[in-house]
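Okay, so here's the structure we're looking at.
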Amino acid sequence: MPAFGGGLTYCSLLVKWGSRVTPLGTSDRELPPCTETALELVNEVRATQDPHGRSLRGLMAPVFVESPFATETVSGRSVSSRRDALALFFDEQSAQDLPRRRLGDRLDELHLAHLLVR
Amino acid sequence: MPPAVLTNDDLSSFLDTSDEWTTSRTGMRERRISHVSAIDLSAVASARALACAGMEAADVALIIYGGVSNDELVPNSASGVQLALGATKAAAIDLNTACTSFCYGLATATAMIRTGMVRNAIVIGVELISRYMDWSNRNVAVLFGDGAAAVVLQASDHEEGMLGSVLGCDAEARQSLRVRGIGCTYAGRDVNFGDTLWDFDGQVIFKRAVHAMADASTRVMRDHGIRAEQVDLVVPHQANLRIIEAVAKYAQIPMEKVIVTVQKYGNMSAATVPSRSWKRWKVGGLLLGRPSSCRRSAVVLPTARCL
């Protein structure tokens, strides 16, 4: 059983089937009936989504553990900190102009400190 | 499996795709979309697996819920399955290693049985990706589907079940596959829950996945003195037909021995390996897979207990 996934995790399992291959019982448990088509179900989800609009900034703002900021260049400008990068992203003149009280920014500060320690 | 089928033609009603575009790149023709929660899917699969094993829910010692699709994070999903089954004595663990979650769960449960921590376990692979898919991105929207399956592991004095495993992680490539929008890092950033963007570097994933799976398969066979020609059946993760073919080629195993369901169910992430893999297969004189009298998505998989 070879498999891989996000992470990127991977594995391969060696399985030997047992001597008993017939079921000892059956179950009548069923899913409830589905009254919609798959396309209708998907369209219901689509109607609630706007990832490229209202959520775009928030989705793109985080910088992750694998991002080496000390040598990063963003939009042609060198940045030496996570907040500098955020300032560029949010079109601010400097990191000091960023809102200080937002939870996401605080998380970024903590993350930067973690990266610097590393 | 959820009954609702989403075809490539359905996708082309709102994406710039066609059946030919999707099939030629992925081998996929349709996938399932769930109308119920991930816990509901898991509970049905688990109840059927228990019936196949002839076990009562009250005797279950461990439930491992493998997948990235959690109805909630707190309480965890395995506890919801415990409640739905009435498995009141079971420990309940959520395990997330993305698409490998079922396999990692199988390895974890086997180890716990072998060390005597538990006598048996239900291991679930489940996904409900349709609820947070970026349906505007054709590069990922065509790939994934919903589904669930469960197996029951029991202690045994025979050498059977999962004999060996190679588990690993190529974290240097972790940025090649990311679902933006789920996790604590997005708190306080004005992200509407359910809105996601997918970082998906298909070329990197292809190369890394093929190498990792082929290498892991070679190692697990070598560690147990098994040659490729002795393998009766390969049950690979169904991310993409091209990846499956490449892994089989590298591992020197003919495609006739490789289970391929990607065209009908797409990539169901953690649900992929356990779900539609258990069809009738003659392996070493034994019938491997889901017997016809057993309800779908359920299988009994005994495992060795080595004390």
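Assorted remarks:
- Of the residues B:Ala121, B:Leu177, B:Ala98, the one whose Cα sits farthest towards the positive end of the charge dipole of the stretch B:38-181 is B:Leu177 (charges of +1 on Lys and Arg Cβ, -1 on Asp and Glu Cβ, taken about the Cα centre).
- Values of log10 I(q)/I(0) for the stretch A:1-51 across q = 0.17, 0.23, 0.25 Å⁻¹ run -0.91, -0.88, -0.92, by the Debye formula with one identical scatterer at each alpha carbon and no solvent.
- Difference of contour (0.36 nm per residue) and Cα-Cα distance, B:Val74 to B:Glu159: 26.8 nm
- Database remark: amide H of B:Gly54 closer than 5 angstrom to the amide H of A:Leu24, A:Gly25 (H placed geometrically; neighbours at sequence offset of 5 or more, or on other chains; Pro and chain starts carry no H).
- In units of the rule-of-thumb radius 2.2 N^0.38 Å, the stretch B:3-114 shows an alpha carbon radius of gyration of 1.32.
- Intensity falloff of chain B expressed as log10 I(q)/I(0), Debye formula with alpha-carbon point scatterers, at q = 0.07, 0.11, 0.13, 0.14 Å⁻¹: -0.26, -0.67, -0.95, -1.12
- Among the lysines of chain B, pairs that are 8 or more positions apart or on different chains and have alpha carbons within less than 15 Å of each other number 5.
- Distribution of pairwise C-alpha distances over the stretch B:85-228, 10 Å bins, in %: 9, 29, 33, 22, 7, 0
- For the stretch B:178-191, 3J(HN,Hα) per residue [Karplus equation, 6.51 cos²θ - 1.76 cosθ + 1.60, θ = phi - 60°, Hz, x = Gly/Pro]: 9, 9, 6, x, 10, x, 4, 5, 9, 5, x, 10, 6, 9
- Convex hull volume of the Cα atoms of the stretch B:1-65, normalised per residue: 120 Å³.
- Considering only the Cα atoms of the stretch B:87-142, their convex hull presents on average a projected area of 5.0 nm².
- Fewest-first ranking of B:His35, B:His158, B:His211, using other Cβ atoms within 10 Å as the exposure measure: B:His158, B:His211, B:His35
- FRET efficiency for A:Glu36 and B:His211, using Cβ-Cβ distance with R0 set to 30 Å, rounded to 0.05: 0.15
- Rg over Rh [alpha-carbon atoms, Kirkwood Rh] for the stretch B:171-257: 1.15
No lab work stands behind these numbers, since they all come straight from the coordinates. Because the structure is predicted, anything quoted here is derived from the model rather than measured. Methodologically, a virtual Cβ is constructed for each residue, glycine included, from the backbone with ideal geometry; neighbour enumeration extends over all protein chains shown.
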